[in-house]
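The block underneath contains the structure these notes are about, expressed in structure tokens.
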Amino acid sequence: MKCPYCSSTDSRVIDTREVGDGIRRRRECQNCHQRFTTYEQIAKVNLVVIKNDGRREAFDRQKLFDGIWRACTKRPISTETIEQVVSNIETNLYNLGKAEVPSRVIGEMVMERLREIDEVAYVRFASVYRSFSDLETLKREVDDLMGRRKTD
């Protein structure tokens, strides 16, 4: 494992924990003594995402993480929480037992989890995912979110 700070391959594992269907390892570089986290997962069969325009592309866990990360920017949400959400969604996608999954299924899973975690991150993600064309559409989504809050 290469150190992200000095690129040395000499590191030692300080802590190991199970995270969803993978393992999180906290490491310390023996060269620069910086600490960093790595995640190990079992390689799975390829999952294909069917985009809205009909294109097909391989499921990319990092792309999912990056999209959620952008929605959670400057919000009080830890990287570990985002990683758990990504792991949970990925596990659910593989549990569907299908080789191909429409992108809207993934988007709905993300919105469902973000709604539970942070309402602002949810609205950010939804505004991009649903491509709100005007402020009225965005207002309806926020009103719907506020209505759900009152019934919960």
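Using alpha-carbon pairs under 8 Å, 6+ residues apart, how would you state the relative contact order of the chain in percent?
In percent, rounded to a whole number, it is 16.
Please report how far the C-alpha centroid of the range 1-33 lies from that of the range 101-152, rounded to the nearest whole angstrom.
Each part's Cα centre sits 36 Å from the other's.
Please give the residues of the range 36-60, grouped as numeric ranges, whose backbone N is less than 19 Å from a label point set 7 Å along the Cα-to-Cβ vector of Ser131.
The answer is 49-57.
Check the chain and count each lysine pair with an alpha-carbon distance under 28 angstrom, considering only pairs eight or more places apart or from different chains.
13
Counting only helical runs of four or more DSSP H residues, what would the 222 nm mean residue ellipticity of the chain come to if each run contributes -39,500 (n - 2.57) and the total is spread over all its residues?
-15000 deg cm²/dmol
Mind jotting down a quarter of the surface of the convex hull over the alpha carbons of the chain, in square nanometres, one decimal?
11.5 nm²
Every number here is computed from the coordinates shown, using simple stated rules; none is lab data. From a predicted model like this one, the values you see are computed outputs, not experimental measurements. With ideal geometry, Cβ positions are generated from the backbone for all residues, glycine too; neighbour counts draw on all protein chains shown.
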